Amino acid sequence: MKTAALSLAIGAALLSGMAAADGFWPQKDGARNGASRDLLKADEAFRLIAAERDGKVLKLSWDIAPGYYLYRKRIKVQALAPAGARLDAPQLPKGEMVQDEQGSAEIYHGSLQADLHWPSGSAAPQRLQVSYQGCAEAGVCYPPQTRQIDVIDLSH
Amino acid sequence: MRSIILIIVACVIAAAAGYGFYRYAHEGAVASEPLPTGLQLSGLDGKPHGFEEWRGKLLLVNFWATWCTPCLHEIPQLVKLQKQYAARGLQIIGPAVDDPDAVRSMLGPLGINYPVLTGTPDSMIDIMEKLGNGPGGLPFSILVSPDGLILDRQLGEFTPAQLTKLIEQHLPPGPAQ
């Protein structure tokens, strides 16, 4: 009886060890299959939070997850409504300069806010189309993202 | 009391042995699964292509884009490997998640010596997702056996040593040096 219990306990321990290995051990040497599980999707990595208008300024903000960054040169904003609404080029803060295969580039980490103005005589934008593109520090880049967002008017 | 301690020690040893055995048994193993069928891409000339065209070759599919810096960093080693291993049956293809004109403009500077394919951004994201790229990032590569099994997938760049090892592992031996 004692021997049977001992065998059972050892067998259970053996299986537990294998199960632990199955959960924690990478699938193969050299492959980074885990990277696929660990990386965020673009919408989680680069959260376009809000477009808010206060008087003559429209503020567009992103929350960039730690370990990810957006390229300044890939941020584009266009007014979709009302008809005829236009926007000047977005005013962006100074980013961090990096050098890569494509030369130098300015990037943003953390929180990002763009100030948008529109030409005098043009209607205040109520709906925007926003494009942006970024990468993970882990060496993975995401396709350009394009989102449409309604402007919240804070002056009312 | 002594027998309880012995049982505990035996269990710990057994658990460690199980863990070690699993590690040993799975070292270098690959989880093969069939390549999904019916995935359609386009050549830069607009002609449709399916992955089945390259059946019989060890196929390395490398999704890339001109806006993807790590992709541009990785491509020269793919060009080198295509040249080095073509005679032994390696075929690399490069579906680009990008505008065809932007892709064409980079073929010369990058010296790409393997077929480059395109598709609409949505269709490419969909294909990558079906191939196991949940986050949708680039570069993304899969290695497919001559009989259509996915041998490996990688989100992010391969190091030259990783890729050479992987290809050598799955190609028939070359002529003796």
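The values are calculated or read from the model by the stated rules, or taken from the named source; none is laboratory data. As the structure is a computational prediction, the values presented were derived from the model and not from experiment. With ideal geometry, Cβ positions are generated from the backbone for all residues, glycine too; neighbour counts draw on all protein chains shown. All accessible areas refer to the heavy atoms of the entire protein, side chains included, with ligands and DNA or RNA removed. Shrake-Rupley method; radii C 1.70, N 1.55, O 1.52, S 1.80 Å.
Assign unit charges at the C-beta atoms only (+1 for Lys and Arg, -1 for Asp and Glu), then state the dipole size of segment B:28-177 relative to its Cα centre in Debye, rounded to the nearest 20.
Magnitude of the dipole: close to 520 debye.
At what distance in nm do the modelled label points of A:Lys41 and B:Arg104 sit from each other, each positioned 7 Å from its Cα along Cα→Cβ?
Distance between label points: 3.4 nm.
Please compute, for peptide A:138-151, the average count of beta-carbon atoms on other protein chains lying within 10 Å of each residue's beta-carbon.
5
So if each residue of separation counts as 0.36 nm, and I subtract the Cα-Cα distance between A:Leu154 and A:Asp54, what length gain in nm does that give?
Here the segment from A:Leu154 to A:Asp54 would lengthen by 35.5 nm.
Using R₀ = 51 Å, calculate the FRET efficiency as 1/(1 + (r/R₀)^6) where r is the Cβ-Cβ separation of A:Asp63 and B:Ala87; round to 0.05.
Efficiency, rounded to the nearest 0.05: 0.50.
Count charges around B:Pro36 for me, please; just the other residues with Cβ under 13 Å from its Cβ, Lys/Arg as +1, Asp/Glu as -1. Please list the in-between numbers first.
Working: positive: B:Lys130, B:Arg153; negative: B:Glu33, B:Glu52, B:Asp126, B:Glu129.
Neighbour charge sum, excluding B:Pro36 itself: -2.
Which residues' amide hydrogens lie under 5 Å from the amide hydrogen of A:Leu87, considering only partners 5 or more residues apart or on another chain, with H built in the peptide plane?
A:Ala79
B:Cys68's amide H: which non-local residues (gap 5+, or another chain) put their own amide H closer than 5 Å, with H modeled 1.01 Å from N in plane and none for Pro or chain starts?
none
Extending each Cα 7 Å along its Cβ direction at B:Glu52 and A:Arg74, get the distance between those two points in nm, one decimal.
Placing both labels 7 Å beyond Cα along the Cβ direction yields 3.5 nm.
Report, by chain and number, residues whose modeled amide H sits under 5 Å from the one on A:Asp153, excluding near sequence neighbours (fewer than 5 apart, same chain).
Long-range HN contacts for A:Asp153: A:Arg53.
Students often get this wrong, so check it: of A:Lys76/B:Lys165; B:Lys47/B:Lys80; A:Lys41/A:Lys73; B:Lys47/B:Lys165; B:Lys130/B:Lys165, which have C-alpha atoms separated by over 31 Å? Each step should come with its number before you reach the end.
Working: A:Lys76/B:Lys165 42 Å; B:Lys47/B:Lys80 26 Å; A:Lys41/A:Lys73 21 Å; B:Lys47/B:Lys165 34 Å; B:Lys130/B:Lys165 26 Å.
Too far apart for the 31 Å limit: A:Lys76/B:Lys165; B:Lys47/B:Lys165.
What ³J(HN,Hα) values, in whole Hz, does the Karplus curve 6.51 cos²θ - 1.76 cosθ + 1.60 give for segment A:99-107 when θ = phi - 60°, with x put for Gly and Pro?
Ordered by residue, 3J(HN,Hα) equals 10, 8, 4, 9, x, 8, 8, 9, 10 Hz.
How far apart, in nm, are two points set 7 Å out from the Cα along the Cα-to-Cβ line at B:Lys130 and at B:Thr164?
Taking the simple label geometry, B:Lys130 and B:Thr164 are separated by 3.5 nm.
How big a patch of accessible area, both sides summed and in Å² to the nearest 100, lies buried between A and B at a 1.4 Å probe?
Heavy-atom accessible area buried at this interface is about 3300 Å².
Under 10 Å from the Cβ of A:Glu96, count the other residues' Cβ atoms, weight Lys and Arg +1, Asp and Glu -1, and hand me the total.
So the environment of A:Glu96 carries a net charge of +1.
Heavy-atom accessible area per residue, segment A:27-156, 1.4 Å probe: how many Å²?
I get 51 Å² per residue for segment A:27-156.
Tell me which of B:Leu107, B:Pro135, B:Ile167 sits at the most positive position along the dipole axis of segment B:92-177, charges placed on C-beta atoms (Lys, Arg +1; Asp, Glu -1).
B:Ile167
For a protection proxy built on the mean count of beta-carbon atoms within 10 angstrom, sort B:142-155, A:120-133, B:34-47 highest first, please. Working shown, then result.
On the way: B:142-155: 20.4, A:120-133: 16.0, B:34-47: 12.9.
Order by mean packing, descending: B:142-155, A:120-133, B:34-47.
Using the Cβ atoms and a cut-off under 10 Å, what net charge is assigned to the surroundings of A:Ser131, where Lys and Arg are +1 and Asp and Glu are -1?
+3
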